[in-house]
Every structure is written in C-alpha cells, then in structure tokens.
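A.B. asks: The structure is given below, and queries will be raised subsequently.
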Amino acid sequence: MTDMSTLDDLRKNIDRVDEVLVRLLNERARCACEIGRLKKELGVEIYQPDREKQVLDHVRGVAAEGPLGPDAIARLFERIIDEARRLERRVAQDENATTLNEGAAGS
C-alpha cells in the first residue's frame, strides 16, 4: 500500500466518522429542541449554568478515553452547548419552531 492510498483511506475514515458525528449532533439538537419546549411550558430559564457545568464536567471525564484532552473536549462542547441553547431559545420563542433544520432536507 502506498502512502497516498493510506492517506486516502484515512481521509475516507474521517469522512465516515464525520457523517456519524453530524447524525449524533442532530440527534442531540432534537433533544435540545424538546428541552426548549419543556422549559417554555414549565416557565424555566433557557440558560442553566449549573447544568452546563455538569455536562462539561461529564465530557471532561470521558475525554480521558482518547487523544483529545479534557480542555479540547470542553472547548468543543462549549460550542455545542451554545448551539443547543440557541435552538432552545428559538423553540421557546416559537421562531419557526416546526422547521428548525434551516433548509436541510428531511428530518
């Protein structure tokens, strides 16, 4: 096997992993939308700093299982949490609540 075919194989692996990540992120986003609906019904604030800290602490602990360290994982999840909070706010404010996929086909 040449270095280029190895490089191509590794890139194909990354593409497959990226597809799985996107599906999982969308699944997480659907959960966040439901949480936004429930928070609206219950009159609960969208921003829950204690819960966000719990999530970050949890993923930092899981980070020990791979090459990305706890700080890198926390930075990635801070962004994921920001996007989830944005979705929750959109749902809670009924801004296009039925079509939250911003033009993507299928759900």
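All of the numbers you see were taken from the coordinates with simple rules; none came from a lab. Since this is a predicted model, take the numbers as computed values, not measurements. All Cβ positions, glycine included, derive from the backbone under ideal geometry; neighbour counts span all protein chains shown.
A.B. asks: Name the pairs whose Cβ atoms lie under 8 Å apart, with the first residue in the stretch 58-85 and under 28 Å from Glu45 (Cα atoms), the second not in a helix (DSSP H, G or I), and 6 or more positions between them or separate chains?
C.D. replies: Matching pairs, first to second residue: Leu76/Leu68; Arg85/Ile46; Arg85/Tyr47.
A.B. asks: Taking the stretch 23-76 as the search range and keeping residues that are polar (S, T, N, Q) and either closer than 26 Å to Asp94 by Cα or in contact with a Lys or Arg (Cβ under 6 Å, 6 or more places away or on another chain) (or both), which one is surrounded by the most Cβ atoms within 10 Å (Cβ to Cβ)?
C.D. replies: Gln48
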